[in-house]
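The values are calculated or read from the model by the stated rules, or taken from the named source; none is laboratory data. This structure is a prediction, so every number in the text was calculated from the model and none was measured. Virtual Cβ from ideal backbone geometry, glycine too; neighbours counted across all protein chains shown. Protein only, heavy atoms only, side chains kept; ligands, DNA and RNA dropped before computing areas. Shrake-Rupley method; radii C 1.70, N 1.55, O 1.52, S 1.80 Å.
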Amino acid sequence: MVKERARILVVGGGYVGMYTALRLQRKLKAELRRGEVEITVVTPDPYMTYQPFLPEAAAGSISPRHVVVPLRRVLDHCHVVIGEVTSIDHAVRTAAVTTLATAQEGTTELLGYDELVLAPGSVSRALPIPGLAEYGIGFKTVEEAIGLRNHVIEQMDIASSTRDPAIRDAALTFVFVGGGYAGVEALAELEDMARYTARYYHNLRPEDMKWILVEATDRILPEVGPEMGRYTVTELRRRNIQVLLDTRLESCADRVAVLSDGQRFPTRTVVWTAGVKPHPLIAATDLPRTDRGRLRCTAQLTVDGTEHAWAAGDAAAVPDVTASEPGTETAPNAQHAVRQAKVLGDNIVHSLRGEPLQTYAHKYVGSVASLGLHKGVAQVYGRKLKGYPAWFMHRAYHLSRVPTVNRKARVLAEWTLAGLFKREIVSLGSLEHPRAEFELAAGGKPPHSPSDDPKGSS
């Protein structure tokens, strides 16, 4: 029984935010019905993105709408607010929120709360590299994944229709920076898709395209271990993908990627996946942070030294109680985020009911990565897999983890149909500028031109 009426504010609608709110509405069903508890979720988007499926969405294996989970449908007992929390004053238990409505009104809404769950996630960690802000493409959202797919196919269209060898070479050169999951899987899936698409162009061959992976350290995919990382490098190079280790991107100004080893690649595509950093909101709170800008948390997922504040996921530094070395923190990945959300939701319920809290303890069991259709690497419980078995395990694992039965069924149906029919090779880049045609017809400004787009997409 909850001792008094509690207002729970969940900041963020990603893994931790959605799963925590889902856990709370299940555990507090009776209290919600009696009006003893109120759960508010503030999120910039009305959906949760299942990020491990972004590479497959970019390759066309999964429809974009099946990579996301609508929050209003799943969190039907919560109050979902589409907006952004800009600052938090935990001393007085208020959060400043901006929504589309407040933006038009020029105001900011203050939300009061009794229990705070901070799960804003992370943002891309961009470095001050010349040209990166103007020409770089991220890979953290479904919009970026689909935009990158459209962009790659458009570059193939440009290369097929030009007689200028310099334009053709730049259009067919694709540079990916970052050898973690996002970079490797995105490059591998898109190269696989582009290789297949090339068969429908009369003057393009897969060998005409240059795919380049730039990694600042001496290995890629550290999560799957050194042996599987070396295997991945070998497999990518076997597909004529240049893997440049111990190399950094120094500039991409004027659409020329300049690397630390002196190589220069004229290119219209620079995909930046070189790490993430905590969401800027964390710095706009009065809560304790680590040197790296993450919230300092306890193993019970409370903010250290602070009452009624909870956190998990990418923005939280949670002690790893299963590690042999003291001071180790859990890795900021989906595997920990989903499991932390479960414990976090339960601990809030325990706190409201005056019960003892649980300690988050989960040993990292391994990782799986896709390298394109029927190709992958995996290390699970110490066992190493590669090729088709690893790819199959990758799909099976993530199918079991994607939220809701509805999404599982839709993704499985799409995979089944994709195995029976040919790949989709359509670019729908014009969807990014839906009013361009009407504006031109109405005598307004001319439609969007490629030179106006910092990503080079038309």
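Does segment 327-339 include one or more residues that are over 26 Å from L24 (Cβ atoms) and at pLDDT below 90?
So far as segment 327-339 goes, yes, one or more of its residues are over 26 Å from L24 (Cβ atoms) and at pLDDT below 90.
Can you find a residue that is open to solvent by less than 10 Å² (accessible area, probe 1.4 Å) and of a type in the set (D, E, K, R) anywhere in segment 141-164?
Within segment 141-164, not a single residue is open to solvent by less than 10 Å² (accessible area, probe 1.4 Å) and of a type in the set (D, E, K, R).
Quick one: which residue in L28, L22 is more than 23 Å from E143 (Cα to Cα), open to solvent by less than 10 Å² (accessible area, probe 1.4 Å), touching a helix residue (DSSP H, G or I) at 6+ places or on another chain (Cβ under 7 Å) and not polar (S, T, N, Q)?
L28
Pairs, please: C-beta under 9 Å, at least 6 apart or cross-chain, first residue over 13 Å from M228 (Cβ atoms) and in segment 373-389, second of a type in the set (F, W, Y)?
As it stands, the answer is L373/Y196; L373/W391; H374/Y388; H374/W391; H374/F392, since those pairs meet every condition given.
For H398, all conditions in the list (1) farther than 30 Å from C78 by Cα; (2) in contact (Cβ under 8 Å) with a residue 24 or more places away in the chain hold save one; what is the number of the exception?
All conditions pass for H398, except number (1).
Which residue is surrounded by the most Cβ atoms within 10 Å (Cβ to Cβ), if the candidates are limited to segment 375-400 and must be among the basic types (K, R) and part of a strand (DSSP E or B)?
The selected residue is K386.
Give the residues of segment 165-176 that are within 24 Å of E223 (Cβ to Cβ) and open to solvent by 10 Å² or more (accessible area, probe 1.4 Å), sorted by residue number.
none
Cβ contacts < 7 Å: first residue charged (D, E, K, R), restricted to segment 98-110; second residue outside any helix (DSSP H, G or I), any location; separation 6+ or different chain. Result?
Once the first residue is charged (D, E, K, R) and sits in segment 98-110, its partners that are outside any helix (DSSP H, G or I) give E109/V97; E109/T99.
Which of the following residues is touching a residue at least 40 places away in the same chain (Cβ under 8 Å) and either farther than 24 Å from W391 by Cβ or open to solvent by less than 10 Å² (accessible area, probe 1.4 Å) (or both): V271, V258?
When all the criteria are applied, what remains is V271.
Step by step: first the residues of segment 82-91, then only those that are of a type in the set (A, V, I, L, M, F, W, C) and open to solvent by 20 Å² or more (accessible area, probe 1.4 Å), then the one that is farthest from T43 (Cα to Cα). Which residue is that?
A91
Out of all the residues in segment 290-320, which are more than 21 Å from I8 (Cα to Cα), in contact (Cβ under 8 Å) with a residue 24 or more places away in the chain and not in a loop (DSSP other than H, G, I, E, B)?
A317 - this is the single residue of segment 290-320 that is more than 21 Å from I8 (Cα to Cα), in contact (Cβ under 8 Å) with a residue 24 or more places away in the chain and not in a loop (DSSP other than H, G, I, E, B).
When the residues of segment 356-367 are filtered to those that are modelled with pLDDT under 90 and of a type outside the set (F, W, Y), which remaining residue is surrounded by the most Cβ atoms within 10 Å (Cβ to Cβ)?
Taking the candidates together, the pick is S367.
Please state which one of T298, T290, T285 is surrounded by fewer than 16 Cβ atoms within 10 Å (Cβ to Cβ), of a type in the set (S, T, N, Q) and in contact with an Asp or Glu (Cβ under 9 Å, 6 or more places away or on another chain).
Result of the check over T298, T290, T285: T290.
Keeping to segment 216-240, report how many residues are under 23 Å from L127 (Cβ atoms) and touching a Phe, Trp or Tyr at 6+ places or on another chain (Cβ under 9 Å).
Within segment 216-240, residues that are under 23 Å from L127 (Cβ atoms) and touching a Phe, Trp or Tyr at 6+ places or on another chain (Cβ under 9 Å) number 2.
Based on this model, can you work out whether G372 counts as surrounded by 18 or more Cβ atoms within 10 Å (Cβ to Cβ) and touching an Asp or Glu at 6+ places or on another chain (Cβ under 6 Å)?
yes
So, of the residues in segment 32-53 that are buried (at least 21 other Cβ atoms within 10 Å of the Cβ) and touching a Leu at 6+ places or on another chain (Cβ under 9 Å), which turns out to be farthest from I348 (Cα to Cα)?
Applying the filter and picking the extreme gives M48.
Output the residue which, of all residues in segment 95-109 that are open to solvent by 40 Å² or more (accessible area, probe 1.4 Å) and in a strand (DSSP E or B), is nearest to V42 (Cα to Cα).
Within segment 95-109, the match that is nearest to V42 (Cα to Cα) is T98.
Output the residues belonging to segment 401-416 that are open to solvent by 50 Å² or more (accessible area, probe 1.4 Å) and basic (K, R).
Within segment 401-416, R401, K408, R410 qualify.
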